[in-house]
Amino acid sequence: MIHFVLLIVCAVAIYLSCEWFVNAVEWLGERLNVGKMAVGTILAAFGTALPESVVTLVAVTTGATDEAKDIGVGAAMGGPLALSTIAYGVTGAMLMLKRRRERIAAGSGTDISPAGAKHEEALGSAADMRRLAKDQKWFLPIFAVKVTLGLVAFAYKPVLGLLFFGAYAVYFWREIRGGDDEEDEGPELEPLKFQPKAASPSTWAVAAQTALTLVVIFFASQLFVKQLDAIGPMLGLSAAVTALLLSPVATELPEVMNAVIWVRQGKTQLALANISGAMMIQATVPSGLGLLFTRWDFDAALLWSGLITMAAIVYLLMTMRGHRLTPARLAVAAGFYLVFALGLIPILS
């Protein structure tokens with residue numbers, strides 16, 4: 001019973017910490033003079049990707065056996081899978097709920113014509129879709145190379161891990177340099193939680209709130225994963241199923257919480273940017289560490305996770321083409337995780 005209680009406590013702690021974190025990171029972006037979308041793709045993504053990146057780093061560098069190091073490989077593959085399916089799916093579901101409430105509140109004033117409904121459902125402008133699609137186009141080839149390297153063996157494969165770090169450095173530079181001409185989205189910045197009465201908070205307060213919330217998110221996420229590891233066997237789930245199905249969802253919980261909060265605040269593009277930015281980190285930094293310190297040899301389950309991840313991204317790219325991405329279509333992405341879970345049954349049996 002204590003594990004279920006701690007699970008709920010950790011989830012609440014992560015949500016509240018993320019609420020303070022997104023508040024702080026928006027002010028941090030303003031202090032650093034970076035574009036609105038770079039706040040999501042770089043600053044927020046870096047902070048929320050920290051827990052799973054540390055899991056990979058610790059596993060691959062301190063694991064006493066190849067099996068122990070392979071935990072890091074699983075984390076490097078599970079992160080992008082959960083983000084491209086669960087995180088996008090939850091965001092789509094939250095957008096559907098939010099827009100349904102807005103239609104109910106609007107009452108008879110809602111435009112119910114087909115043209116009006118189509119415009120209402122579109123997730124941002126055509127330019128927004130092109131920008132989001134560009135992130136997915138960056139991710140897909142990098143991830144495909146990552147999966148391919150898990151299927152082959154050659155002497156200098158570990159050195160290729162450095163190329164993944166370089167790929168993220170290029171992405172980072174592109175985001176920082178390319179965000180200045182973006183249009184502002186949604187409401188103005190809310191007052192900093194640490195200084196609610198200040199129109200312009202102190203830099204030290206912004207930095208302190210960012211750092212403190214990251215610490216809470218990190219430790220609450222680790223405790224959340226441990227509770228899932230304990231609950232899995234209680235529910236009759238094997239360690240392998242728990243590691244492949246539940247742990248990735250837990251480690252990506254901060255990104256999901258950030259997306260929920262930004263959707264609630266009417267900042268949809270920031271929510272989507274946070275997920276796509278975290279996916280780029282997960283496709284490069286943990287992969288580079290895995291290549292440098294492990295065999296990076298995939299079994300059937302890891303290969304299956306890679307194939308489902310790529311299928312989800314291809315689906316998203318297809319819906320973004322022609323400005324056809326809607327909340328409902330975004331929510332469908334979660335279905336790919338269900339396909340992954342069903343596919344694991346014959347693989348692990």
Worksheet item: Taking Lys193 as the anchor, which lysines have their alpha carbon closer than 21 Å to its alpha carbon, excluding any fewer than eight residues away along the same chain?
Response: Lys36, Lys267
Worksheet entry | Global geometry of segment 1-68, whether rounded, prolate or oblate, following the gyration tensor of its Cα atoms and the 1.5 cut on a/c | oblate
Worksheet item: Can you name the helices of the chain, as whole DSSP H runs, whose Cα span along the helix axis is 15 Å or more and whose Kyte-Doolittle mean is not below 1.6?
Response: 300-320, 334-348
Fill in: Unit charges on C-beta of K, R, D, E only; dipole of the chain, Debye
420 debye
Worksheet, complete the sentence: By the mean-Cβ-within-10 Å protection proxy, highest first, 306-319, 73-86 rank as 73-86, 306-319
Worksheet item: Per the Kirkwood definition applied to all pairs of different Cα atoms, how many angstroms is the hydrodynamic radius of segment 185-225?
Response: 11.8 Å
Worksheet item: If one computes the Cα centroid of segment 242-290 and of segment 119-173, what distance in Å separates the two points?
Response: 14 Å
Worksheet entry | Taking segment 195-324 and dividing mean pair separation by its residue count, relative contact order in percent (alpha carbons under 8 Å, at least six apart) | 13 percent
Practice prompt. First check a/c for segment 244-283, with a ≥ b ≥ c the square roots of the eigenvalues of its C-alpha gyration tensor; if it is under 1.5, answer rounded, and if not, answer prolate when a/b is larger than b/c or oblate otherwise.
Written response: oblate
Worksheet item: Is the shape of segment 260-349 best called rounded, prolate or oblate, per the rule: a/c under 1.5 gives rounded, else a/b larger than b/c gives prolate, else oblate, with a ≥ b ≥ c the square roots of the Cα gyration tensor eigenvalues?
Response: oblate
Practice prompt. Could you please state, rounded to a whole Å, how far the C-alpha centre of segment 1-66 is from the C-alpha centre of segment 296-349?
Written response: 23 Å
Discussion item. Using a Cα-Cα cut-off of under 30 Å, which lysines could be cross-linked to Lys69, ignoring same-chain neighbours fewer than 8 residues away?
Written reply: Lys137, Lys146, Lys157, Lys226
Worksheet item: When the helix-only estimate is applied to the chain (DSSP H runs of n ≥ 4, each -39,500 (n - 2.57), divided by the residue count), what is the mean residue ellipticity at 222 nm, nearest 500 deg cm²/dmol?
Response: -24000 deg cm²/dmol
Fill in: Dimensionless Rg/Rh of the chain - Kirkwood Rh, Rg from C-alpha atoms
0.97
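Here, each number is a calculation from the coordinates, and none is a lab measurement. Quick caveat: nothing in here was measured; it's all calculated off a predicted structure. Neighbour counts run over all protein chains shown; Cβ positions are idealised from the backbone, glycine included.
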